[in-house]
1. From the set of residues in region 63-77 that are open to solvent by 60 Å² or more (accessible area, probe 1.4 Å) and not acidic (Asp, Glu), which is farthest from residue 10 (Cα to Cα)?
2. Residue check, residue 146 against (1) over 24 Å from the mean Cα position of the chain (by Cα); (2) surrounded by fewer than 17 Cβ atoms within 10 Å (Cβ to Cβ), all met but one. Which one?
3. Residue by residue through region 32-53, note down the ones that are touching a residue at least 24 places away in the same chain (Cβ under 8 Å) and closer than 17 Å to residue 11 by Cβ.
4. Among the residues of region 149-165, write down those that are surrounded by 18 or more Cβ atoms within 10 Å (Cβ to Cβ) and without any contact (Cβ under 8 Å) to a residue 60 or more places away in the chain.
5. Look through 18, 66 and report the one residue that is closer than 24 Å to residue 176 by Cβ and touching a Gly at 6+ places or on another chain (Cβ under 8 Å).
6. Sort out for me the helices (runs of 4 or more DSSP H) sitting completely within region 1-98 that have 1 or more residues that are more than 16 Å from the chain's Cα centre (by Cα).
7. In the set 128, 132, 181, which member is under 20 Å from residue 98 (Cβ atoms), open to solvent by less than 40 Å² (accessible area, probe 1.4 Å), at pLDDT 85 or above and out of contact with any helix residue (DSSP H, G or I) (no Cβ under 6 Å at 6 or more places or on another chain)?
8. Report yes if some residue within region 245-259 is under 23 Å from the mean Cα position of the chain (by Cα), closer than 18 Å to residue 174 by Cα and without any contact (Cβ under 8 Å) to a residue 24 or more places away in the chain; otherwise report no.
Amino acid sequence: MNVLLFDAFSNMLLACLLEPLRVVRDDGRAKVDWTILTHANRPLRSSSGIAIVPDKPIFEAPFCDLLLVIGGDRFREDAEDPELHRSLQLTRTAGAVIAADTGAWLLAHAGYLAGRRSTLHWQLLAEFSETFPEIMVVADHHARDGRWITCGSAASALDLILEEIGLRLGPAARFDAASMFLNDPARPSAGDLPFGGALAHPNPRIRRIIGTMAAQIEDPVGLAEIAKSSGMTLRSMVRLFGKELNTTPGQFYLNLRLARARELAVGGNRSIAEVAALCGFSCGSALTRAHKRVHGLGLSSFRTANPSRIRIQGRS
């Protein structure tokens, strides 16, 4: 993957795109790496003043399946820069292109989005539509049109990259990537959303069910009881999860408990038996079997392979 940055880019937006991919990489679900590139190969500073230099010149960038184009606050100046077309030549060989923040403006100015559905940061939508009437501007979190994908804010970027992980690697990988943003279920946020924005779902029934599961990690309850507390039958809940999340309630609940188990295993000195008790498993062997069945290796092996990896929860 290649990441093309422009001056005064958002650190938060960059992190929202890369951190979920980092989790997928660390979990061993896919070989994911990236090359940081900068417009015109120049050293840049983020919008908060953090300096960054490219890993290599653009002309040495490898072929990539995915290119991230992250525009910055100086997008109007960058759009008029004669070097813009040379920097955006990367788009021609990328399997797919995600343009985030003002990245869509730069692509539009260079003529790549004519006739396509596109979006960008909501504060610029009206101006974007007036400036580029040939583009089908949509007021949405993100827009897909073939291999061209556009989004605006950091929150939209996070939702988009989680969706992309789900499409490419499946719902279990999406869940694992999203779990790094899990809030403490003992202190739920307003609106019964224990997952912050990472797993926010437009269906309130899904949110209630996930909230119940998140609050019952150590002492799991039966699926029938969860369904009843959410005002539906077990059969209806199974259909809902299949339609909305492409998985079963039982598998989702198990993934949630295993994600918590991995956090405890790599973030402290607890024994596997202690981790099992904190995640609702009868013993360490039961936890190991479940983890191996879902992830292909036991929890002890996972901890050995990731001795210093610590995820920070609750960030978005």
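The values are calculated or read from the model by the stated rules, or taken from the named source; none is laboratory data. Computed from a prediction, not measured in an experiment: that's the story for all the values here. Glycine gets a Cβ as well: all are built from the backbone with ideal geometry, and neighbour counts include every protein chain shown. Accessible surface is based on the protein model in full, side chains and every heavy atom, while ligands, DNA and RNA are left aside. Shrake-Rupley method; radii C 1.70, N 1.55, O 1.52, S 1.80 Å.
1. Let us first name the residues in region 63-77 that are open to solvent by 60 Å² or more (accessible area, probe 1.4 Å), namely 63, 65, 73-74, 76-77.
Applying the additional criterion that residues be not acidic (Asp, Glu) yields 63, 74, 76.
Details: 63: 25, 74: 11, 76: 16 Å.
Result: 63.
2. Failed condition: (1).
3. The first filter runs over region 32-53 and keeps only residues touching a residue at least 24 places away in the same chain (Cβ under 8 Å), leaving 32-40, 42, 44-48, 50, 52.
The answer is 34, 36, 37, 38, 39, 44, 45, 46, 47, 48, 50, 52.
4. Scanning region 149-165 gives 149, 150, 151, 152, 156, 159.
5. On the way: 18 fails: touching a Gly at 6+ places or on another chain (Cβ under 8 Å).
Checking each option against the conditions leaves just 66.
6. Details: elements: 11-26, 75-79, 84-87.
Hits in region 1-98: 75-79, 84-87.
7. 128
8. Among the residues of region 245-259, at least one is under 23 Å from the mean Cα position of the chain (by Cα), closer than 18 Å to residue 174 by Cα and without any contact (Cβ under 8 Å) to a residue 24 or more places away in the chain, which makes the answer yes.
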